[in-house]
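Please treat every number below as a calculation from the coordinates, not as lab data. The structure presented is a predicted model; accordingly, all values stated were derived computationally and were not measured. FYI the Cβ positions are ideal-geometry reconstructions off the backbone, even for glycines, and counts take in every protein chain you see.
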Amino acid sequence: MPDHTVMMPPPAQHVPLYRLPPISKEEAESCRHKSEKFWYRLLVILNILLIVGVTAIVIIRFAEYKQLFDEQFVAALSFSTDQSYYERLAEELPYELRLFLSGIASLIVLIPSLYYFYATERVDAVKITQRNFPEVYAMIESYARRLGMEKVPEAYIKQRNGVLNAFAAFLFGRQYIVFNTEIFEVAYREHHDMEALGFIAAHELSHIYYRHATLSYNFWILFSQMLPLFGQAASRTREYSCDRLAQHLTQYDGIEAMLMLMVDRHLYKMVDKVDYLQQTRETRGFFFFIENLLSTHPIMPKRVRALAMKHGSGELF
């Protein structure tokens, strides 16, 4: 029988950032979850099937829709001021037609919505630069250079009422990172923990490196990623990939960064990692399986166990 004991990784070697070698394409691909490409290709196929299938049904039933609209248009002239009439009309449209029209609307508003989201993030955020938080900027710049990025992605800090999070997002031909203040401040206040912050930054940069945060990547799975279970499974593979690449970038196991997300920035340094890793072995059962199955991120016991391994792919299910 295989030994499932989770061993603590050796302490991270503190190597100056500028001395770390570039990450080769082969090394970066070795960090990618073994199932990530399979799930992405599956979503692309499902996305095409959804579009072709719904479009085909709409074309086949076009004559029926035309008759329906002709009848409803005449009726609408008599009830032009009745708001509830239009609501009922929308509800009575065939499901596939509503799906088709919603898809068209999504494609029309896709680009404007990305730029609007970018604007809403920037209006009350502070950009990390060589003058604002220069130590963090230097760290992000170093990781970007090691990944072979020609341009350092923009990074912002934004207050979100206590929520611990960070994310990578995209525009047309551009990617950026947003740190919630509550995560970012650990590097400057209570613990001066640049390792945990660096791991989180490297994880988000990994999304950019793997092209998860690009318009082209997301366009081909625009609709299929909304399918229950399929979208979540594909997302979990991406998170595992970025965790592993972040480990290679930072030379840091990343476990304390995960503990910070679980018990908050004030307490995570007090958690015994060996004891928690033992706890993860006991977090098993049907309802844990369901919770992981429905989540876009691996549940923390699985995610931390994968980090402790320091190589290979984490448990998807």
Filter on LYS25/LYS158; LYS269/LYS310; LYS34/LYS273 - keep pairs with C-alpha separation over 30 Å: LYS25/LYS158
Phi-based couplings in Hz for region 48-61 (Karplus 6.51, -1.76, 1.60; Gly and Pro marked x): 5, 5, 4, 5, 5, x, 5, 4, 5, 4, 4, 5, 5, 9
Reduced Cα scattering model of the chain, Debye log10 I(q)/I(0), q = 0.10, 0.11, 0.13, 0.16 Å⁻¹: -0.68, -0.79, -1.01, -1.39
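What order, most packed first, do the peptides 292-301, 222-231, 140-149, 250-259 have when packing is the mean number of other Cβ atoms within 10 Å of each residue?
On the way: 292-301: 16.9, 222-231: 15.4, 140-149: 18.8, 250-259: 22.7.
So the order, starting with the most tightly packed, is 250-259, 140-149, 292-301, 222-231.
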Distance in nm between pseudo-label sites at LEU101 and ILE60 (7 Å out along the Cβ direction from Cα): 2.1 nm
Per-peptide average of other Cβ atoms within 10 Å, ordering 242-249, 53-60 highest first: 242-249, 53-60
Value of relative contact order over region 163-317, rounded to a whole percent, pairs C-alpha under 8 Å and six or more apart: 23 percent
Where Rh is the Kirkwood radius over Cα pairs, Rg/Rh for region 205-317: 0.99
Estimated FRET transfer efficiency when R0 is 22 angstrom, pair ASN132-ARG160 (beta carbons, to 0.05): 0.75
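Ranked highest first by average number of other Cβ atoms within 10 Å, how do 93-100, 163-170 line up? Display every interim value, and only then the final one.
Working: 93-100: 15.4, 163-170: 17.4.
Order by mean packing, descending: 163-170, 93-100.
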Centre separation in Å (Cα based) which lies between region 245-260 and region 25-53: 25 Å
